[in-house]
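The values are calculated or read from the model by the stated rules, or taken from the named source; none is laboratory data. Computed from a prediction, not measured in an experiment: that's the story for all the values here. Glycine also receives a Cβ, built like all others from the backbone with ideal geometry; neighbour counts cover every protein chain displayed. With ligands, DNA and RNA removed, areas are computed over all heavy atoms of the protein, side chains included. Shrake-Rupley method; radii C 1.70, N 1.55, O 1.52, S 1.80 Å.
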Amino acid sequence: MQSEVMFAGFGGQGILLSAKILAQTAMTSGFEVAWIPSYGPEMRGGTAYCTVVISDRPIGSPIIRNPLHLVAMNRPSLEKFAPVVKPGGVIIINSSLIPIGAGREDVDAVSIPVTDIAKELGSVRSANIVALAAFAARSKLVDRELLKECVKAEFSKKEKLIPLNLKAVDAGFQAAQKN
Amino acid sequence: MAKVLMKGNEAIGEAAIRAGCLNYFAYPITPQSEVAEYLSRRMPEVGGVFLQGESEVAVSYMIFGAAACGARVFTTSSSPGISLMSEAISYIAAAQCPAVFVNIMRGGPGLGGILPSQADYFQSVKGGGHGDYRLLVMAPASVQEAVEMVMQAFPLSEKYRNPVMILGDGLIGQMMEPVEFPDHLRTEPTNKDDWATNGMAFRKSDKRNLVKSLFLDPDQLNSNNLTLKAKYEQMKQEEIRFETYNTDSDYRVLLVSYGTMSRVCRTAIDQLKEEGVEVGMVRPQTLFPFPEEAVRTAAGKAGCRAVASIEMSMGQMVEDVERSVRGSLPVHWYGKCGGDVPTPEEIIDFTRSLL
């Protein structure tokens, strides 16, 4: 069983970091993982995307054209990648910045205002963690408590950010479950 | 040691340190600059030397100098940077000094692009610099394998007193995967007293050593070339490494592929198997020496009707595949350049066209 998760948004939205935390959490759960960034010549403020592959056996191709899941943080990302998501996948839509839906009937598309939720928690910068948690809740790929452990470990050198990001995990789970 | 999630470039840097290499000279270039970034922090922590040279040319001669002194030394670069280093690589091979070079390939020719490529196969395997020299070329297909190959590269370069090239594509450098470092593989440099210019004060013998690549006397130059050739022949006997995939099956097509491309082929082979089509693969882990015998044997299996070299280049390794198969079967090529890595679906379509 293999899942591919694409994280996409503006440069600066923490796309690479939330993808890394997911990979770390899945690895800690015992899965094979690969974290594949797009490292093309992108402008500052341009699109950033990153794919995490999670599998119960050694990962073959790290090149994924059709991911199973998508976490879209801005509108260009949703428009570009929603059509290529495999049927049956999860699409998390950051409805704070994306006024449209996924336009797909064969996926679990969930609109969550992750940027607004993050602002309410205290910092817009934790929007990526809210989205990651919402995705984890919806896809059930990783365990909530383990995810929190990995968030803590990731921010271990910036300890003052830990409480905010743990709240972001809970808020993301709650928002995903309400929907 | 437990598994850690690490970017290929950083893991390569850590692997070198764990192999006992405390000298790293480099010049940044995408997609491998994180090696330098990582080692600029790590080398001082372990009492090593991190030095950013003024150019790749300067760096390559710093490598020559350190290697001639008997120090474990390595550098990392990407395609255009390796071109600039190629002169010194030829000198280092001629002077018989051990050193490790890592090329995290990007698209070429010229400045090309910064995305993954395998278009430096000829450069690494067939020459790059001038003269009759060879590099021992290792091609990792995962971050874990990159770590293992870097750690093996230092003792191998010392065994042969010859540069070793780790040839990875941009994805190997940029991807994060779980890696496990061997607890203790740090091997001390072998005794270099009989050739290195490591200073009379520290040496046990009274013999003066000379490291040089200039041999004006034709007999001496021929003799040096014969010495080098003997080492390359020994590599062919002792260092060939490869993996096979699905070669127990009754495959009708044999793929030959290395590095990241071989993983895409593996996925394609798995999907074809589900559809009832058996395809085998030989994955060279050393590109020089090339696993000729393994490719020939696999191609010779009853039922195999075609061989294809799948590479992120316009057809380079295919020449070695043809050489190995020796005309017994048609040899095809499929590939792409520019950073757009062929997908499993493309490999499947191409493989089906051979049936």
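Evaluate the charge dipole of the range B:99-185 about its Cα centre and quote only its size in Debye, nearest 20, assuming +1 on the Cβ of each Lys and Arg and -1 on the Cβ of each Asp and Glu.
420
Rounded to the nearest 10 Å², what accessible area does B:Asp219 show when all protein chains are kept and the probe is 1.4 Å?
Accessible surface of B:Asp219 is approximately 120 Å².
Given the protein assembly as shown, what percent of its DSSP beta bridges are antiparallel, to the nearest 5?
That works out to approximately 40 percent antiparallel.
What's the average, rounded to a whole number, of partner chain beta-carbon atoms within 10 Å of each residue's beta-carbon in B:56-65? Show your work: numbers first, answer last.
Details: counts 0, 0, 0, 0, 0, 0, 0, 0, 0, 0.
Other-chain Cβ atoms within 10 Å of each residue's Cβ, averaged: 0.
As I understand it, the dipole of chain B uses +1 on the Cβ of Lys and Arg and -1 on the Cβ of Asp and Glu, about the Cα centre. Which of B:Ser142, B:Thr260, B:Leu228 lies farthest toward its positive end?
B:Leu228
Compute the accessible area per residue over the range B:4-238, keeping the other protein chains in place, probe 1.4 Å, unit Å². Don't jump to the answer; show the numbers that get you there.
Values: 9160 Å² over 235 residues.
The answer is 39 Å² per residue.
Top to bottom by accessible area (1.4 Å), largest first, where do A:Lys148, B:Lys301 land?
Values: A:Lys148 35, B:Lys301 70 Å².
The ordering from most to least exposed comes out as B:Lys301, A:Lys148.
Ignoring ligands, DNA and RNA, what percent of the 1.4 Å accessible area of the protein assembly as shown is carbon and sulfur?
52
Sort A:His69, B:His332, B:His130 from largest to smallest accessible area, using a 1.4 Å probe on the heavy atoms of the protein chains.
The ranking, largest first, comes out as B:His130, B:His332, A:His69.
Could you tell me which trypsin sites (Lys or Arg not before Pro) in the range A:1-69 are loop residues by DSSP with no more than 10 other beta carbons within 10 angstrom of their beta carbon?
A:Arg44
Based on the Kirkwood radius over alpha-carbon pairs, what is the Stokes-Einstein translational diffusion coefficient of the range B:242-354 at 25 °C with 0.890 mPa s viscosity, in µm²/s?
D, rounded to a whole number, is 181 µm²/s.
Between B:Val57, B:Ile166, B:Leu214, whose Cα lies farthest towards the positive end of the dipole of chain B when Lys and Arg beta carbons carry +1 and Asp and Glu beta carbons carry -1, centred on the Cα centre?
Checked the options; the winner is B:Leu214.
For chain B, return all DSSP H helices satisfying: extent of Cα atoms along own axis at least 20 Å; mean Kyte-Doolittle hydropathy at least -0.5.
Correct list, ordered by number: B:79-94, B:143-160, B:259-274.
Just to verify a number: FRET efficiency for B:Gln237 and B:Ser353, C-beta to C-beta distance, R0 = 30 Å, to 0.05?
For R0 = 30 Å, the calculated efficiency reads 0.20.
For chain B, what ratio Rg/Rh do Cα atoms give with a Kirkwood hydrodynamic radius?
Rounded to two decimals, Rg over Rh is 0.99.
Under a point spin-label approximation (7 Å from Cα along Cα-to-Cβ), what is the B:Glu87-A:Asp108 distance to one decimal in nm?
6.1
Using alpha carbons only, what's the Rg to Rh ratio of the protein assembly as shown with Rh from Kirkwood?
Ratio of gyration radius to Kirkwood radius for the protein assembly as shown: 1.01.
Compute the distance from the alpha-carbon center of the range A:121-159 to that of the range A:34-108, in whole Å.
Measuring centre to centre over Cα atoms gives 18 Å.
With every protein chain present, what is the per residue accessible area of chain A (1.4 Å probe, Å²)?
44
Can you give the accessible area of B:Ile92 in Å² (nearest 10), computed on protein heavy atoms with a 1.4 Å probe?
0
How far apart, in nanometres, would the label points at A:Asn66 and A:Ser95 be if each is projected 7 angstrom from Cα along the Cα-to-Cβ direction?
Those two pseudo-labels are separated by 2.9 nm.
Which of the GluC sites (Glu not before Pro) across the range B:1-101 are loop residues per DSSP, with 14 or fewer other Cβ within 10 Å?
Values: sites: B:Glu10, B:Glu14, B:Glu34, B:Glu37, B:Glu45, B:Glu54, B:Glu56, B:Glu87; in loops: B:Glu54.
Answer by residue number: B:Glu54.
Let me spell out the model: positive unit charges on the Cβ of Lys and Arg, negative unit charges on the Cβ of Asp and Glu, origin at the Cα centre of the range B:4-238. What dipole size does that give, in debye rounded to 20?
Roughly 540 debye, rounded to the nearest 20.
Classify the range B:35-183 as rounded, prolate or oblate from the Cα gyration tensor: take a ≥ b ≥ c as the square roots of its eigenvalues, call it rounded if a/c is under 1.5, otherwise prolate when a/b beats b/c and oblate if not.
It comes out rounded by the Cα gyration axes.
Counting only other residues whose beta carbon sits under 11 Å from that of B:Pro31, what net charge do I get with K and R as +1, D and E as -1?
For residues surrounding B:Pro31, the net value is 0.
As I understand it, the dipole of the range B:242-354 uses +1 on the Cβ of Lys and Arg and -1 on the Cβ of Asp and Glu, about the Cα centre. Which of B:Val277, B:Pro342, B:Val318 lies farthest toward its positive end?
Farthest towards the positive end: B:Val318.
Report the antiparallel proportion of the DSSP beta bridges in the range B:4-238 as a percent, rounded to a multiple of 5.
Details: 5 of 24 bridges.
Taking every DSSP beta bridge with both residues in the range B:4-238, the antiparallel ones total about 20 percent.
What are the semi-axes of the equivalent ellipsoid for chain A, taken as the square roots of 5 times the Cα gyration tensor eigenvalues, largest first, in whole Å?
In descending order the semi-axes read 21, 19, 16 Å.
Kindly work out what percent of the DSSP beta bridges joining two residues of chain A are antiparallel, to the nearest 5.
Close to 55 percent.
Quick one: ranking B:Thr267, B:Thr244 by accessible area, 1.4 Å probe, largest first, what do you get? If you can, show how the numbers build up before the last one.
On the way: B:Thr267 35, B:Thr244 70 Å².
Order by accessible area, largest first: B:Thr244, B:Thr267.
Please compute, for peptide B:261-272, the average count of beta-carbon atoms on other protein chains lying within 10 Å of each residue's beta-carbon.
Neighbouring Cβ atoms belonging to other protein chains average 3 per residue here.
Using amide H atoms built in the peptide plane, which far-off residues or other-chain residues are under 5 Å from A:Gly101 H to H?
Excluding prolines and chain starts, which carry no amide H, there are no hits.
Could you size up the charge dipole of the range A:60-113 around its Cα centre, putting +1 on the beta carbon of Lys and Arg and -1 on that of Asp and Glu, and report it in debye to the nearest 20?
Approximately 180 debye in magnitude.
Would you please give the residues with an amide H less than 5 Å from that of B:Asn23, counting only those at least 5 places away or on a separate chain, with H modeled from the backbone geometry?
HN-HN under 5 Å from B:Asn23: B:Val49, B:Phe74.
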